[in-house]
Structure formats: C-alpha cells, structure tokens
Amino acid sequence: MKTARRVVFPACRTISIALLLLAYPTFARQPQSAGSNLPRGSLTGRITVVSGEGATNNLSGVTVKLTGPAVGAVPPSTVSDADGRYEFTALATGTYTLEASADGFKPWSAKITLGADQALVKDLVLQISSVNQQVEVQGEAPEIATQNVAITATVNTEQLESLPLPTQKFTEALSLIPGVIRTSTGKLTFKGQAESQGMLVVDSAENVDPVSGSFSIPIPVDIIQSMTVYSSPESSAYGGFTGGLTTIETKPPSGTWDYKLRDFIPAFRGKNDHLVGLANWTPRFEFEGPLIKNKMNFTEEVTYELRRQPVRGLSFPENEIKTRSVSSFTNL
C-alpha cells in the first residue's frame, strides 16, 4: 500500500526566488552598459607662429579653451607646453568651440566636430598682433629776458682811480670782481668760462678780437666812466653766449679844452746800490676839447709803455724781457 505525501512550501519563500530570477538579467547587463558609454575622444595639437623670415616657431604658454558637450572631468582650458603642444582627453561626441589666446598675438577660434572615440589632431597657427606705439613729447621753451640781465658788479671812475692796477689796464680791474679770475697766462675766466666765450661791449659796440675772441683791444682806464659785469648774459639785446658779458661806458668828451698828465714819474731799476736805468714807465697824456664848437667834441689819450720784466736764471743784462709800445685812443 502506497501512501502519498504532499509537501507544502511557504508562500513567502516562493515569491523571493521569483524576484531574484527576474532581477538577474538587469544586474548582469549594468556593467556592460556603463563601459560602453564612457567617452574616449581626444583633441591634441601644436601651436606655432610664423616669423617675418618665414621660420616656424613653437609657442608655449598659450591658453587654449574648449567649450562644448564635455563629459566627465574634462578641464575647461589648458596651456601649451614648451613644445607648443596642448591636449584634451575623455571627450564626448559633439561639436566644440576651440579658442587660443596669448599676449602679443591675435585671438584664434574655430568650430570642430568630434566623432565617437575619435582622436582628433588640430594644429593652430597664431598671428602676431600689430603694435602701435605713440610717444608724445611736450616741452616748454625757456623764457628769454627782453629787458635787462642780472648785474654782478659795477666799477665806476672813482674806484678805477683808487684801485691798485700795476699796468693800468681795465682787465686788471675785472679780476677784482667776484666770479672773474685772471689766469697765470693773463687770460680771464667768467664763472669758469674762457674769455674767448664771452663778449666785451664798449659804448654798445662789440670789441673783441675777431680771431681769438679775447679782450685784446686796449681801452684806457682814464676814459672809462663805468664797467659792468653781468652774471646772466642771456639777453635778447646781446644774443646768447656761454661766457660773461662785460659792458664799458666811456666818459663823454668835454666841450672845453682840458688836459691831464698821469704817471709821469718812472720806476727806476737798481743793481749793486746803483741806478741802472728804468724798470717801468707808463706816462699817459689825455687832452680834450671841441672840434666844432657846440657840435662835436673829442677826447684823445696817448700812452707810452716801457717795461723790463726780469727772467730768473740768466745773466745781466740778458735777464729781462723789454717791452716798449705807444697806443692812442680817440673818442668823439
């Protein structure tokens, strides 16, 4: 006799097994789908510039920007390396805008289309931007005096008569004015400038040596009324020059007859307690009067100069330099 048995499974266990069987295909296909959608496109290239000689040079430090349907951790921009290369990876399929910019170059941009898993190479050639440089120079012209220039010092007749002038020349009086120095050779310097770079004006007329530019024209001290040295010689009246400006005003001739004799007594020379002639003698004779009464007057001065300058190291009487001269000055 056979006995039949019936096995009964709980309903909850049966439902769980059914759910697992239904979900297995979904779990099995999920890794395969994720791997197939990962973007594998890339964009690389080199950035260059063409020089004026036609040579192609790589550009480093250029900022390259890519905009479009980027997927994942794609950087929005990059910088070209020392070889001018740039690179974008893990790019999805689509259309992108590629831009490049650098200082001194024109901006560059273009549209590119990237296919599925495509490794696109795009080389860029930048153009040098034109540089316009404008330099503006502004200056102001120095104001030139149109009236009088600054006066350093003035010497009048009374001072000239009292000054110790060994040779009775006006150049010796100039050396007593501040800023005027007499050199060992007898030349004058005005505030460091040579005598040849200055100007001598006598009664509004220029009086300098046309060759050397020195004050070589003799002006007798006795007929000078005033002598002025200017500290700033730049003037519209006399023009521009680098040295000093000296002006001399002479005495106007008198309408009456008169004469004067000066330095008539000579300086004697002695040797071994004996007189051996004259050492120096500079007599000056001045006379004035009317040439045409009440219309024209004149002044005449005649100077005789005798000088013996000793020279050390030579025997007498060859140990001296003798100078004899006669000069006259007429003023109308």
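No lab work stands behind these numbers, since they all come straight from the coordinates. Keep in mind the model is a prediction, meaning the values are calculated, not measured. Using ideal geometry, Cβ is built from the backbone for each residue, glycine included, and neighbour counts are taken over all protein chains shown.
Just a few scattered comments:
- Relative contact order (%) - the range 41-126, alpha-carbon pairs under 8 angstrom, separation at least six: 39
- The range 41-126: C-alpha pair distances exceeding 23 Å, %: 20
- Nearby lysines by direct alpha-carbon distance to Lys260 (threshold 24 angstrom, same-chain neighbours under 8 apart not counted): Lys169, Lys251, Lys293, Lys295
- Under 5 Å between amide hydrogens, built in the peptide plane, is the criterion, and for Thr250 it picks out Asp203, Gln225 among residues at least 5 positions away or on other chains.
- Taking 0.36 nm per residue of separation and subtracting the Cα-Cα distance, full extension of the segment from Asp263 to Leu314 would add 15.3 nm.
- Pairs of C-alpha atoms in the range 151-193 farther apart than 11 Å represent 67 percent of all such pairs.
- Subtracting the Cα-Cα distance of Ile321 and Asp123 from their residue separation scaled by 0.36 nm leaves 61.7 nm.
- Sorting Met296, Met199 from the fewest to the most surrounding beta carbons within 10 angstrom yields Met296, Met199.
- Projected label points at Ala90 and Lys251, each 7 Å from Cα along the beta carbon direction, are separated by 11.3 nanometres.
- Rg [Å, one decimal], Dmax [Å, integer] - the range 252-332, C-alpha atoms: 18.4, 59
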